[in-house]
Structures are given as structure tokens and as C-alpha cells.
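Okay, structure first, notes after.
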Amino acid sequence: MTPGNIDIFNRLLKGGIIKNDDPVMVKVWETVSETIKLSSGLNTSSGIEEIRDRLSEIIGKPIDKTTTIFVPFYTNFGKHITIGKNVFINHACSFLDLGGITIEDHVLIGPRVNLITENHPIDPSQRNSLVLNPILVKRKAWIGAGVTILPGVTIGENSIIAAGAVVTKNVPDNTIVGGIPAKFIKSISEAD
């Protein structure tokens with residue numbers, strides 16, 4: 001990887017606004033093109049081990065053998081995804097990861113979940129720029145089917161996001177949220 005790639009990739013992970021006409025954005029689009037090519041092989045995989053291997057190639061680091069991912073799986077970039085141990089990711093999830101997505105150990109992610117670290121400015125004259133903020137899903141969180149998590153959100157340890165929710169704000173540890181936008185439902189205790 002060239003220094004220009006590393007610099008723009010680090011800038012993406014720092015978040016904030018990245019202008020579409022930034023001269024080094026070409027490096028990002030080269031990676032996106034490579035990810036698109038590799039994704040077709042990923043999504044025709046015929047077994048869990050093959051899926052792990054092909055997704056490992058896309059994200060540029062090994063996925064632990066205790067983690068299970070079902071295809072189809074979609075990502076536009078891939079290099080800014082980190083997946084822990086004993087993670088389960090169900091069918092048809094989409095990770096837009098330019099801003100960085102971290103999935104810690106023992107996380108469960110239901111089908112059709114969208115993790116989106118990318119947004120655009122409100123100002124129409126800047127709309128082609130990207131606004132990036134990372135997503136963090138902490139240990140033992142459970143993300144229900146059809147959930148969308150927006151840029152900059154942290155899902156707390158042991159927390160549950162009810163199916164269909166749109167999460168726009170951080171979720172504390174040991175909390176259940178649901179709805180659009182997601183709101184507090186209840187705290188989780190050992191007795192639950």
C-alpha cells in the first residue's frame with residue numbers, strides 16, 4: 001500500500017468532511033472497485049469457511065474461525081471493518097464502512113441490518129462531499145432484523161436493538177431500544 005493510500009485511509013477513519021474532489025480520493029475509488037470485484041466471489045461462496053476467507057481478503061485481516069457470516073453480505077469499501085470472535089452476522093447485511101465499523105466479540109447481527117458510517121452535508125453546494133463517523137458495536141450486543149445504525153453511533157455492551165429500529169444516538173450498556181428513531185424501552189438486568 002502506498003503512502004497516499006495510507007494517508008487518505010487514515011483521514012477517513014478520523015471522520016469529518018472529506019471533499020469528493022480531494023485529489024487522493026482516487027485511491028478510495030480504486031479500493032471500492034477492488035471490493036466490488038471481490039464481493040461477487042464472496043456472495044457466491046458455498047460454505048462458512050469460504051465466506052470467512054473471502055471476506056478476510058476484502059477487509060484485509062483474518063476473520064476468526066469462531067465467527068459466522070451468511071451471504072449475501074455487502075460492503076462498499078471493506079478495509080475499515082473489524083470483526084471480533086464469536087460474532088454471528090445473518091443474511092443480507094450491508095456495511096458502509098468508510099468511517100470505520102468495529103464489531104466486538106460475541107455480537108449477534110440479524111438479517112438485513114445496515115451499518116452506515118457515511119453521510120453527506122446538508123448544504124447543497126457541499127452535498128457531494130462525505131461526512132464520516134465510525135460505528136462501534138460492543139461485546140454481546142444483539143442487533144435485530146432490519147435495523148439501521150447511522151454514523152457515529154456506539155451500541156453498548158449487552159444491549160439489544162429491536163427489529164426494524166433506526167438508531168441515531170448512542171445506546172448505553174445493558175439497554176433495550178426500538179422504534180424510529182430508536183428510543184429507550186428498558187434496562188437489562190441479570191434477572192431478565
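The values are calculated or read from the model by the stated rules, or taken from the named source; none is laboratory data. Bear in mind that the values here come from a model prediction, so they are computed numbers and not experimental data. Counting neighbours? That spans all protein chains shown, and the Cβs are built from the backbone with ideal geometry, glycine included. Remember, those area values only see protein heavy atoms, side chains included, never the ligands or the DNA or RNA. Shrake-Rupley method; radii C 1.70, N 1.55, O 1.52, S 1.80 Å.
Name the residue that is nearest to residue 58 (Cα to Cα), counting only residues in region 24-38 that are open to solvent by 20 Å² or more (accessible area, probe 1.4 Å) and of a type outside the set (Val, Ile, Thr). Going through the qualifying residues, I end up with 38.
Taking residue 190 as the residue in question, decide whether it is assigned to a loop (DSSP other than H, G, I, E, B), at pLDDT below 95 and either under 21 Å from residue 84 (Cα atoms) or open to solvent by 50 Å² or more (accessible area, probe 1.4 Å) (or both). Working first, answer last.
On the way: assigned to a loop (DSSP other than H, G, I, E, B): yes; at pLDDT below 95: yes; either under 21 Å from residue 84 (Cα atoms) or open to solvent by 50 Å² or more (accessible area, probe 1.4 Å) (or both): yes.
Yes; evaluated as a whole, the condition is true for this residue.
Considering region 9-34, and only residues there that are in contact (Cβ under 8 Å) with a residue 24 or more places away in the chain and of a type in the set (Val, Ile, Thr), the residue that is farthest from residue 126 (Cα to Cα) turns out to be 31. May I ask you to list the residues in region 152-178 that are over 19 Å from residue 90 (Cα atoms), part of a loop (DSSP other than H, G, I, E, B) and open to solvent by less than 30 Å² (accessible area, probe 1.4 Å)? Of everything in region 152-178, those that are over 19 Å from residue 90 (Cα atoms), part of a loop (DSSP other than H, G, I, E, B) and open to solvent by less than 30 Å² (accessible area, probe 1.4 Å) turn out to be 153, 156.
Of all residues in region 50-77, those satisfying the criterion of being among the polar types (S, T, N, Q) and either in a loop (DSSP other than H, G, I, E, B) or open to solvent by 30 Å² or more (accessible area, probe 1.4 Å) (or both) are 66, 67, 68, 76.
Residue 170 meets each of the listed conditions (1) at pLDDT 95 or above; (2) polar (S, T, N, Q); (3) farther than 22 Å from residue 103 by Cβ apart from (3).
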